[in-house]
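A quick write-up on the structure given underneath.
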Amino acid sequence: MTNFESIDQVQNALAQEGYVCGRALATVVFLSLRLGRPLFLEGEAGTGKTEIAKTIARSLNRPLIRLQCYEGLDASSAVYDWNFPAQMIAIRTAEASGAADRGALQQELFGPDFLIERPLLQAMRPHPQGAPVLLIDELDRTDEPFEAFLLEALSDFQISIPEMGTIKAPEPPIVIITSNRTREVHDALKRRCLYHWVDYPDAARELEILHSRVPEAAETLSKEVIAFVQSLRTEDVFKKPGVAETIDWAKCLLALDVISLTPDVIADTIGALLKYQDDIQRIAGSEATRLLDQARASLTEDA
Ligand SMILES: Nc1ncnc2c1ncn2[C@@H]1O[C@H](COP(=O)(O)OP(=O)(O)O)[C@@H](O)[C@H]1O
Ligand SMILES: [Mg+2]
């Protein structure tokens with residue numbers, strides 16, 4: 001498949017790769033591809049933002065180019081850099097051999113042989129399978145100057161290298177930007193994109209995700225896991241468990257041959273769900289028992 005023809009097709013194609021995609025998310029994915037607009041996905045950690053970019057690339061058989069953001073990320077790590085050690089060696093070699101043509105040497109030193117292409121530049125290059133998926137992951141970790149720079153790169157999909165000239169993408173890449181919202185990303189950048197808030201899934205959808213990712217888990221255990229995690233998310237904890245944590249927890253329970261949840265089992269494995277000691281202390285013990293009762297009650301209601 002080279003492109004999605006409809007919203008249904010987005011949902012089906014992603015489902016085939018194990019990704020459970022709600023209608024709203026599928027719609028914004030479809031529109032962003034159709035209109036050629038970057039897609040901005042914001043939401044809590046572990047809700048499937050990074051995964052959907054990887055899955056889209058797989059479904060459409062496009063290369064995935066990932067720019068992982070971090071504090072202090074700059075153009076030489078995001079766009080291109082010169083291979084300084086190799087340049088030095090080339091200079092030394094030229095000196096030793098007595099080569100006299102300085103102009104030619106300089107041109108060679110700042111040419112393709114010594115250029116290190118970073119993700120943004122790689123994404124502007126032609127690819128035999130079609131335009132790549134460019135995943136700009138966790139943009140909230142960078143700073144505002146980098147955002148401004150990105151805004152410019154995304155507005156014309158071209159990059160200019162003073163020594164070499166301008167490189168323009170033959171076809172704009174499929175851009176997916178994610179943010180865990182540890183800070184607000186600037187309006188100007190968001191306005192360039194189609195925006196979607198990726199929320200925690202409801203119980204039915206999370207069960208579907210668990211079926212897809214941990215199919216070996218028995219139905220009763222899966223339902224208990226989901227009901228417990230869903231109740232846990234209503235609690236006042238510092239870091240709520242994401243879908244990734246639900247999946248991890250189910251795998252832990254399977255590895256321990258657990259058939260049904262008990263307060264002891266929960267206490268022993270809570271580290272798969274909660275990653276802060278304060279949260280663990282708050283939830284362990286009687287609170288876990290109460291949440292388990294609440295989860296069981298919600299299951300009998302549904303049945
Ligand atoms: N809708 C979904 N369908 C299938 N798996 C999902 C879904 N959402 C999350 N996951 C699982 O959770 C894991 C974490 O998701 P990830 O994309 O890394 O979260 P985020 O980038 O939002 O922090 C993924 O590896 C995937 O296995
Ligand atoms: Mg992520």
### Query
Given +1 on the Cβ of Lys and Arg, -1 on the Cβ of Asp and Glu, and no further charges, what dipole in debye does the chain carry about its Cα centre, rounded to the nearest 20?
680
### Message
Counting only pairs 8 or more residues apart or on different chains, how many lysine pairs in the chain have their Cα atoms under 30 Å apart?
### Response
26
### Task
Quick one: Debye curve from the alpha-carbon atoms of the range 146-255 only, equal weights, vacuum; give me log10 I(q)/I(0) at q = 0.12, 0.14, 0.15, 0.20 Å⁻¹ to two decimals.
-0.65, -0.75, -0.79, -1.02
### Query
Rounded to the nearest 20 Debye, what is the dipole magnitude of the range 141-276 about its Cα centre when Lys and Arg each give +1 and Asp and Glu each give -1 at the C-beta?
220
### Task
Any chance you could run the full-extension gain for M88 through D8? It's 0.36 nm times the residue separation minus the Cα-Cα distance, nm to one decimal.
23.3 nm
### Query
If the chain between D293 and E184 were fully stretched, how many nm would it gain, using 0.36 nm times the residue separation less the Cα-Cα distance?
35.5 nm
#### Entry: Sequence-separation-based contact order of the chain, relative, with Cα cut under 8 Å and 6+ spacing, percent
21
## Note on the structure
Here the Cα Rg-to-2.2 N^0.38 Å ratio for the range 33-167 is 1.29
### Query
For the chain, what is Rg from Cα atoms divided by 2.2 N^0.38 Å, rounded to two decimals?
1.26
### Task
Would you mind computing the Rg to Rh ratio of the range 220-298 from its alpha-carbon coordinates, Kirkwood style for Rh?
0.91
### Summary
Stretched fully, the stretch from E301 through R102 gains (0.36 nm per residue minus C-alpha distance, one decimal, in nm) 63.5 nm
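Every number here is computed from the coordinates shown, using simple stated rules; none is lab data. All values reported here derive from a predicted model rather than from experimental measurement. Cβ coordinates were reconstructed from backbone atoms using ideal geometry, including for glycine residues, and neighbour counts include every protein chain displayed.
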